1. Along the Cα-to-Cβ line of SER198, 7 Å from the Cα, sits a label point; which residues in the stretch 143-175 have backbone N less than 17 Å from it?
2. For the chain, with a Gaussian network of springs between Cα atoms less than 10 Å apart, report the residue from ASN187, ASN60, ASN219 with the top mean-square fluctuation.
3. Using the Cα centre of the chain as the reference point, and only Cβ charges (+1 on K/R, -1 on D/E), how large is the resulting charge dipole? Debye, rounded to the nearest 20.
4. As a test of the formula, what do you get for the chain when each DSSP H run with n ≥ 4 contributes -39,500 (n - 2.57) and the sum is divided by the residue count, at 222 nm and rounded to the nearest 500 deg cm²/dmol?
5. Just the Cα atoms of the stretch 88-143: what Rg and Dmax do they give in Å?
6. Size of the stretch 11-127 along its principal axes in angstrom, Cα-based, largest extent first?
7. State, to one decimal in nm², a quarter of the convex hull surface area for the C-alpha atoms of the stretch 35-92, i.e. the direction-averaged projected area.
8. By how many degrees, between 0 and 90 and to the nearest 10, does the Cα long axis of helix 89-100 differ from the longest principal axis of the chain?
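Derivation of every value follows stated rules applied to the coordinates shown; laboratory data play no part. As the structure is a prediction and not an experimental result, all values here were calculated from the model. Cβ placement follows ideal geometry from the backbone for every residue including glycine, while neighbour counts extend to all protein chains displayed.
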Amino acid sequence: MWKGFFRCLAQATLFPETCVACESWVVNRDFIPLCPACSQLVAPIRHPTCCVCGIPLPGNLSAPLAECRSCHSGTFSFHQARAFGPFEKTLAQIIRAYKFAGRKRLSIPLAGLLLRIFQEKPLENGIDWIIPVPSHIDRLQERGFDHVRLLAERFARSTGIPIFTSLKRHIATSPQVGLSMKERRRNLRGAFRLNDQSQLFKRRVILLDDVMTTGTTANEISRLLLRQGHVSFVGVLTVARACRRFT
Ligand SMILES: [Zn+2]
Ligand SMILES: [Zn+2]
């Protein structure tokens with residue numbers, strides 16, 4: 001108890017932190033720059049979701065399981081996708097601070113959200129590999145760390161599922177914001193490369209990322225994993241999902 005107290009005291013004195021959402025001073029034993037009040041504001045998706053891609057659908061939570069229009073027309077090659085919450089408000093602030101401002105300790109609560117959704121809405125049983133969505137070396141140098149890999153490492157520690165590290169991004173694609181679905185697909189074509197694919201043969205994998213926007217990146221990697229890696233199942237797990245509001 002005293003050890004924890006002195007640790008917090010030392011932190012408050014030597015390394016004062018502010019909450020990335022409300023900017024109040026925070027002290028906690030894990031040096032996480034997020035206050036308890038803002039942690040409580042991080043909300044899960046409160047709508048029924050598409051049983052394939054996980055996008056929120058109109059209606060209330062008691063609505064029967066349904067597929068969205070994209071999944072009904074077979075848009076995605078992955079089998080299932082799950083996200084903890086909508087990419088908005090406090091959750092979006094936390095993810096941006098983590099990704100772009102180098103607040104690495106936020107990986108602790110964000111990996112906790114991944115674990116929560118993984119346990120509450122399970123994907124296929126017996127997952128063999130976690131595959132973090134890779135960033136290009138130029139992006140890694142800009143940010144100074146691999147934000148998805150760090151989340152994957154924490155998630156792997158909690159679940160005991162190993163990380164597959166031989167998926168690489170060898171083309172630095174331009175930002176996808178503002179592009180149509182078709183342009184996004186063209187932009188990503190050939191951007192990823194798979195090595196050691198023998199380790200994936202008939203395996204069940206989870207593709208892990210911070211945010212799913214249109215699903216184009218997950219879809220592109222998933223096609224590669226199915227075609228070259230011959231995996232038997234691809235699930236996608238993200239902290240947040242960019243989606244339109246129904247309320
Ligand atoms: Zn706060
Ligand atoms: Zn869907």
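1. Under 17 Å, as judged by backbone N against the label point of SER198, lie 165-167 of the stretch 143-175.
2. Answer for the Gaussian network model of the chain: ASN60.
3. Working: 35 positive and 17 negative charges, 60 e Å.
Using only the charged Cβ atoms, the result is roughly 280 debye.
4. Numbers: 9 runs with 88 residues, N = 247.
Value at 222 nm, helices only: -10500 deg cm²/dmol.
5. 13.8, 37
6. Here the Cα extents, ordered largest to smallest, are 56, 31, 23 Å.
7. Numbers: hull surface 19.2 nm².
Over all viewing directions, the stretch 35-92 projects a mean Cα-hull area of 4.8 nm².
8. For 89-100 against the chain, the angle is about 90 degrees.
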